[in-house]
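Single-structure report; data block below.
Quick note: the coordinates plus some simple rules give every number you see, no bench work behind them. No experiment lies behind these values; they were computed from the predicted model shown. In this analysis, Cβ positions are derived from the backbone assuming ideal geometry, glycine residues included, and neighbour counts consider all displayed protein chains.
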Ligand SMILES: [Zn+2]
């Protein structure tokens, strides 16, 4: 019997918005999902997450996960809760990262009694998800009955991140997940994707280019040295996944090259410590330069002065360690986590520094600090900000507008249509126009809830 010549794709969420990736592919008697992420805004989980899925979870054959960020994996326990009993497929590191990230998120969400989240994010549901989970290597072909073949390509976004390639009726359908800001210090470059018929891609930075990042390590050394000379504490709010490991690696190279003086450096985040161990375990996925340094005998996530403080007591004891010193702690936007304690202790003094290296969303404490507010509230206390505030951009984990166009250019001669997802409407629409103008490809920005059909 001939295969269906049409596949239906539904943008269940994650279209017209950055977070909550969840896409449904239906055809030839099969149903597949790509990602099942949390919808995030000012809150770690918006109320929209707790509405029922628009599909019957028990009828899904396979959930494919592109990578372990919570806006791509965060609703897996909810999918299980609604009866999903299919397979989950990802690369090997993504499974391990997900296990850690889900446990951390479950811990936070379980406090929400209004939506009964303790029941959804139960250890049983998480365990069931991991039991249903199978892993494949990059480049490995997974054949599924009814004529589908799936392969992951390295997207260079975080450890384990994959672009999902689907072959069906000799057509190539690609879901990019998030695309890395290559070259990354640690990861391999995004693989070139060619011969694509239908491309479903991210567009977070569709309308913006990143600042030149060539001198970010030089700036990092500068900020560290200035803080050292002032005999202060340098606070760095960090995201636990990828950003922390990049930063550790960059500080490691600065220490090894004697570009910064020796001083106590704390990684004060249990989540980041766990994730760093996963990075260390899967060094084989790093880029050739990082591999060469590792083969030369350097432990790139460890250097003289580094202390990983896992327990609360160890964290509290940092206050007694004489300056100068560096403290890296989560969360990256100061909307929770141990960084708040350090900010309360160190922001009031002029010899200290806070270094912001990531995007600070509107409504977060990080954004308020970035804006130069002189007085803030932390844990019901007024905190006067007298410390130095420094910023280094260029640490983004996403391709910028020009590089997204370059990515599409590799397959512009074959692609029938590009669907722009995971971006604010302004960003996705700008990129769509740019793709039409520069590459003469058909580009479309769907809305959440919309379904489309592709001819295969
Ligand atoms: Zn991501």
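Annotations for the structure displayed:
- Pairwise label distance in nanometres, residue 382 with residue 229, each label 7 Å out on the Cα-Cβ vector: 3.4
- Order of 444, 55 under a 10 Å beta carbon neighbour criterion, fewest first: 444, 55
- DSSP beta bridges confined to the chain are antiparallel in about 50 percent of cases.
- For segment 279-315 versus segment 87-119, the gap between their alpha-carbon centres in whole angstrom: 25
- Entry note, the chain: the mean residue ellipticity at 222 nm calculated from DSSP H runs of n ≥ 4, each adding -39500 (n - 2.57), is -8500 deg cm²/dmol after division by the residues and rounding to the nearest 500.
- Bridge type composition, segment 1-120 - antiparallel percent by DSSP, nearest 5: 60
- By the count of neighbouring beta-carbon atoms within 10 Å, fewest first, 182, 393 end up ordered 393, 182.
- Maximal additional length on extending the residue 440-residue 424 stretch stands at 3.5 nm, based on 0.36 nm per residue less the C-alpha distance.
- Residue 316 paired with residue 413, simple spin-label distance in nm, labels 7 Å along Cα-to-beta-carbon: 6.6
- For segment 192-210, the residues whose backbone nitrogen is under 17 Å from a point 7 Å from the Cα of residue 170, taken along Cα to Cβ, are 195-198.
- Modelled spin labels at residue 391 and residue 282, positioned 7 Å past Cα toward Cβ, are 3.2 nm from each other.
- The alpha carbon centroids of segment 412-451 and segment 1-63 are separated by 19 Å.
- Each peptide among 165-177, 318-330 gets the average number of other Cβ atoms lying within 10 Å of its residues, and from highest to lowest they stand as 165-177, 318-330.
- Comparing Cα centroids, segment 125-194 and segment 343-406 end up 33 angstrom apart.
- The residues 188, 75, when put in order of fewest to most other Cβ atoms within 10 Å, stand as 188, 75.
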